[in-house]
1. For q values of 0.13, 0.16 Å⁻¹, compute log₁₀ I(q)/I(0) with the Debye formula on a Cα-only model of segment 23-73, without solvent.
2. Please list the non-local residues whose amide H lies under 5 Å from the amide H of F34, H modeled 1.01 Å from N, same-chain partners needing a gap of 5 or more.
Amino acid sequence: MDQTQQTQDTTEPVVELPALTAADRCDICGAQAFIRVVLASGDLVFCGHHGTANKEKLEPIAISWQDETDKLSS
């Protein structure tokens with residue numbers, strides 16, 4: 001199940017983001033991505049480790065935060 005959070009108040013309609021796939025790779029280490037962060041300047045994707053490590057810095061400026069780390073325990 002996707003967990004997408006809107007982190008800023010916007011007047012734009014919420015767009016459902018596509019699920020992350022095995023082809024989506026972490027922007028830092030190249031592992032499979034389970035977190036997508038939408039910023040005004042573009043998207044970043046991270047593995048669970050790097051998404052968690054950068055959440056505190058990125059969440060205040062993120063438009064949305066898509067967390068699919070629940071797939072890791074399946």
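1. The Debye formula, applied to the Cα set alone, gives -0.25, -0.38.
2. F46, C47, G48
Laboratory data are not the source of any read-out in this text; all were calculated from the coordinates shown. Given the structure is predicted, the values throughout are model-derived calculations rather than measurements.
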